[in-house]
Ligand SMILES: C[S@@+](CC[C@H](N)C(=O)[O-])C[C@H]1O[C@@H](n2cnc3c(N)ncnc32)[C@H](O)[C@@H]1O
């Protein structure tokens, strides 16, 4: 098996297992915090009423609901995810929306019909392909020639204090998890625009546009310091660093998080900066 296939399989096992279960617990909070970036990306995608949209790595359905509002009842959203548990959640969340279909599928390998979508959209769901150029090359023919791919991905970790601050606090007590290599999948794997440009142009897209979008991430989602500490200790990179750590290390790291986050609390909110790219690409004329 190639390194790319092994990475892809590892991601599939993670998201269709423990990673999916973890995400489900936090997905309502993610919907709240991701809303400003999602609004900006949907605006950038210029999705018309009646459009057919593929929502890639749709998770528990938050983005599919917003896309459904955009296309109206005459449109169609096919929301796909590799996680069975998350698609079950997405189906529940969208059951009253006739224009939404949710389906378990590996977006990197699924055979979507040619020219069947006006838009492809993703909120943080395209950074986990083992071989992203091959995945986008396979997805591209399913986009109509006048179609557009728009997705949100994280800018590099140092630009994202919501992730870096808890990680630095926790790593005073627990070992830092191994960083993925520059060509390996992961939440920050699309931080470098040069890499994303290379991947998308190899896959048959014209040079993509990158728009910076910065927003506030409320780790507490209005529920106060202890909620923020719980999120920081269980989600993202800090959560990964604490997985399987003994109780004394966890306790010390959680105390460190409390110390770090307490000065940031205002009216139940614990706000740290978040930074994403909104990436838009159209099929290349030569593809
Ligand atoms: C960071 S989560 C984002 C979920 C959701 N879009 C959101 O913003 O809440 C990444 C999502 O991509 C999905 N995913 C990862 N690899 C995938 C693949 N090859 N095909 C389809 N979905 C995939 C995961 O199962 C997960 O739901």
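The values are calculated or read from the model by the stated rules, or taken from the named source; none is laboratory data. Every value quoted in this text rests on a predicted model; they were computed, and no experiment measured them. Note that each Cβ is placed from the backbone with ideal geometry, even for glycine, and that neighbours are counted across all protein chains shown.
For beta carbons closer than 7 Å, sequence separation of 6+ or different chains, a first residue in the range 190-207 that is on the phi > 0 side of the Ramachandran plot and a second that is buried (at least 16 other Cβ atoms within 10 Å of the Cβ), the qualifying pairs are 204/137; 204/140; 204/283. Assigned to a strand (DSSP E or B), more than 18 Å from residue 12 (Cα to Cα), within 13 Å of the ligand (Cβ to nearest atom) and touching a residue at least 12 places away in the same chain (Cβ under 8 Å) - does that describe any residue in the range 112-119? Looking through the range 112-119, none of the residues is assigned to a strand (DSSP E or B), more than 18 Å from residue 12 (Cα to Cα), within 13 Å of the ligand (Cβ to nearest atom) and touching a residue at least 12 places away in the same chain (Cβ under 8 Å). Considering only residues in the range 92-109 that are in contact with a strand residue (DSSP E or B) (Cβ under 7 Å, 6 or more places away or on another chain) and in a loop (DSSP other than H, G, I, E, B), the one that is farthest from the ligand (Cβ to nearest atom) turns out to be 99.
The test for being at pLDDT 95 or above and either outside any helix (DSSP H, G or I) or in contact with a helix residue (DSSP H, G or I) (Cβ under 7 Å, 6 or more places away or on another chain) (or both) does not hold for residue 237.
Give the residue that is surrounded by the most Cβ atoms within 10 Å (Cβ to Cβ), with candidates limited to residues of the range 205-221 that are in a loop (DSSP other than H, G, I, E, B) and touching a strand residue (DSSP E or B) at 6+ places or on another chain (Cβ under 6 Å). Only one residue fits best here, namely 219.
One residue stands out in the range 62-77 among those that are surrounded by 23 or more Cβ atoms within 10 Å (Cβ to Cβ) and over 29 Å from residue 228 (Cβ atoms): the one that is nearest to the ligand (Cβ to nearest atom), namely 67.
Of the candidates 59, 19, the single residue that is within 11 Å of the ligand (Cβ to nearest atom), within 24 Å of residue 220 (Cβ to Cβ) and not in a helix (DSSP H, G or I) is 59. Residues that are in a helix (DSSP H, G or I) and touching a residue at least 40 places away in the same chain (Cβ under 8 Å) within the range 251-283 comprise 252, 253, 256, 257, 259, 260, 261, listed in sequence order. In the range 137-158, of all residues being touching a helix residue (DSSP H, G or I) at 6+ places or on another chain (Cβ under 6 Å) and crowded, with 22+ Cβ neighbours inside 10 Å, the one that is nearest to residue 180 (Cα to Cα) corresponds to 152.
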